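In what follows, a single structure is set out as structure tokens and then discussed.
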Amino acid sequence: YQREFQTEFQPSEVMGTSGGKQAIFNAVVTLLNPGDECLIPKPYWVTFPEIVVFAGGTPVFIETEETDFLLTAEQVAKSITPQTRLLILNSPSNPSGRVLPPLEFRRIMEITSERGISVISDECYLRFVYTPAEVFSAATLPKELRSHLCIAGSFSKTYAMTGWRLGYSLGPAEWIKAMLKVQGHCTSN
């Protein structure tokens, strides 16, 4: 990330996982409590709401069909309630393939940051962009916007090795520390 995106993470802000799914799972279960809401733009990867329900949270879906499957900051702002604790972003999106423009991504992060809402940026398909879109990572956002952000990534999609279950998380040290505790009790490989 330092070489490719000119950003820096301390060792306490990084963890390896058994694939991108575990990175997302660890992030969700360390954050949500029963009654907490998680915003999920539609269409979505089927695992997102299942992990939220597993953690005792409530998935709240944001319809994007009217905006040609492109999530907007206004849609996020309208969907936030006092129970909203988390937003899951996936760009490029699985299954729609839509790529959030960097400026819109930043606007969404500004809204969630102002309200203390955490964000998971699922970057497992980070490299699957086609012109005019460009590769963008939430890691390039200013540090103050990353204080409630966890990036989940994997190597299997990027390098066409779908059986290679190796992933990672990048995020605030305290969140990563909690995620390491979860991981230490569910997998030892």
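Assorted remarks:
- Highest-fluctuation residue, Leu103, Leu149, Leu70 considered, GNM on the chain with Cα pairs under 10 Å: Leu103
- In the elastic network of the chain, a GNM with C-alpha springs shorter than 10 Å, the most mobile of Phe54, Phe136, Phe25 is Phe54.
- Among Val119, Val99, Val135, residue whose mean-square fluctuation peaks in a GNM of the chain (springs only between Cα atoms under 10 Å): Val135
- The relative contact order of the chain comes to 29 percent, based on Cα pairs under 8 Å that sit 6 or more residues apart.
- Coil-residue GluC sites (Glu not before Pro) of region 80-161, DSSP, other Cβ within 10 Å capped at 14: Glu134
- The Rg/Rh ratio of region 1-133, with both radii computed over alpha carbons and Rh defined as the Kirkwood radius, is 0.94.
- Computed over protein heavy atoms with a 1.4 Å probe, the carbon and sulfur contribution to the accessible area of the chain reaches 54%.
- Residues in region 128-143 that a label on Leu166 would reach, taking backbone N under 19 Å of a point 7 Å out along Cα→Cβ: 128
- Where N is the number of residues in region 101-149, Cα Rg divided by 2.2 N^0.38 Å: 1.17
- Per residue, the chain exposes 50 Å² of accessible surface when a 1.4 Å probe is rolled over the protein heavy atoms with every protein chain present.
- Charge tally around Pro49: other residues with Cβ under 12 Å, Lys/Arg +1 each, Asp/Glu -1 each, net -1.
- Each Lys and Arg adds +1 at its Cβ and each Asp and Glu adds -1 at its Cβ; summed about the Cα centre, the chain shows a dipole of about 520 debye.
- In Hz, Karplus ³J(HN,Hα) per residue of region 133-147 (6.51, -1.76, 1.60; θ = phi - 60°; x = Gly, Pro): 5, 10, 4, 9, 10, 4, 4, 7, 5, x, 3, 5, 7, 9, 5
- Label zone at Gln6 (point 7 Å along Cα-to-Cβ), backbone N below 18 Å, region 126-143: 134-143
- Shape of region 97-189 from the C-alpha gyration tensor: oblate (a/c of 1.5 or more and a/b not above b/c, with a ≥ b ≥ c the square roots of its eigenvalues).
- Region 25-116, relative contact order in percent, only Cα pairs under 8 angstrom and at least six apart counted: 31 percent
The values are calculated or read from the model by the stated rules, or taken from the named source; none is laboratory data. What you see is a predicted model; the values in this text were computed from it and never measured. Counting neighbours? That spans all protein chains shown, and the Cβs are built from the backbone with ideal geometry, glycine included. SASA here: full protein model, heavy atoms, side chains in, ligands and nucleic acids out. Shrake-Rupley method; radii C 1.70, N 1.55, O 1.52, S 1.80 Å.
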